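See structure below.
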Amino acid sequence: MPKTRRKVKTSTRGSLADIRKALDGDMAAGLIDVSEAITDHPVIPTGVRAIDELIGIGGWPRGSACEVFGKESSGKSTLAIQTCAAVQRAGGVAAYLDFEQSTTPDYLQSLGVDTNGDRFLYAQPECVEDAFEIINALLETAAADVIVWDSVAVSACRKELEDDYDGIGISPKPKVLAARMRKLAQKLGPNGLFPDQSVAPVILFLNHAQVALNTIARWGQEILRTPGGDFLKYLAKVRLMTAIRGTVKGRVKNPLTNKNEDMAIARRLRVLLVKSKVSPPLRVAEVLIRFGLGISNTDTLIEVAIAKKVLHRSRSGKVTWAATEQEWRSVNQFEEALRDDEELWGSLAEAIGWAESSAGKVNVASEHESEQAVE
């Protein structure tokens, strides 16, 4: 007998507007009209123009967690402190959670941070749980614009401190961080405590890059990992990796001998945009960090101007600006001229395409006059 064809029951397609209307009462907070969503990301400047350009939107995206990791003495804390200073210059408030207990008030002030209690919160939490309690209080009251966690590698959870955890086996810290950060991500988003993302804070995590043990390196390269588990990698909207590229020497006075000697005065850093949800990743920026003075925007300005051929540097070291028919004997002399003359600094920033509002010319110690001369 021939098989009878089974009738398939067809249903009429409903409109998406009807579905949104039906769900509006139950999950209105989860339904977002993409056509009306904000396309421009509100940001917090890093205080370093080259890194603002590297991130691609002018700074750290508000309402998110970001991470800076690298080996020791690679400028992580300095970048975080200069971000705090930039926030304060814009009228905001910064919070610094110092697990490493290595930051001094003098260094904070030398990088432009106002350590007044009304605009700066400095704490040394005992454990991870205490740090999250502080962060939750700051989020609930919207009291801070940037919160720095320094650092994930050094922080320990309460179980490690109370139960005498000896480090053998699986550490409980990644589980604690993952559980707390899930709640943190929800509070930072537009469906959480900050529907207006223009006032949402940035939580900046600093972390160490450590060589992974019991692994096989390819082509002689070290395999690096970051402590604290993988959840921070997924949560972070922007991840930067810092690396030391070399040391810069200059003619300075040795405090021990009272004589001018060639000494190390700065380091060249390479910053890699490892991850970004707001711009194309895997881009690199080169910056110069002066010891005790921070990452200098003036040094970056000169290097960019030479690269774009706005300035010409001869083999003898003479610097010429053809547009103004001015010349200087060396890069050091031109750098001093930029520090003293804000109009000259602004003209050069405009010539290379730096906007005046975000050019990075700030009145902090890293831009003050210094006897250190880079050769």
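What follows is calculated from the coordinates using simple rules that are stated; it is not laboratory data. What you see is a predicted model, and the numbers here were worked out from it, not measured in a lab. Counting neighbours? That spans all protein chains shown, and the Cβs are built from the backbone with ideal geometry, glycine included.
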Most packed first (mean Cβ within 10 Å per residue), the peptides 301-314, 49-62, 138-151 order as 49-62, 138-151, 301-314
Which is farthest toward the positive dipole end of segment 228-275 among N260, M241, G228, measuring Cα position about the Cα centre, with Cβ charges +1 (Lys, Arg) and -1 (Asp, Glu)?
-> M241
Put in order of increasing Cβ neighbours within 10 Å, starting from the fewest, S296, S276 give S276, S296
Put in order of increasing Cβ neighbours within 10 Å, starting from the fewest, C66, C157 give C157, C66
Expressed as a rounded percentage, what relative contact order does segment 245-315 have, with Cα pairs under 8 Å and six or more residues apart?
-> 20 percent
Based on other C-beta atoms within 10 Å, arrange L344, L206 from fewest to most.
-> L344, L206
Burial ranking of peptide ranges 277-284, 175-182 (average Cβ count within 10 Å, highest at the top) = 175-182, 277-284
Treating the beta-carbon of each Lys and Arg as +1 and of each Asp and Glu as -1, no other charges, what is the dipole magnitude of segment 53-152 about its Cα centre, to the nearest 20 debye?
-> 440 debye
Simple spin-label estimate for E133 and A307 in nanometres, 7 Å along Cα-Cβ | 4.6 nm
With +1 at each Lys and Arg Cβ and -1 at each Asp and Glu Cβ, the charge dipole magnitude of segment 188-283 around its Cα centre, to the nearest 20 debye, comes out at 400 debye
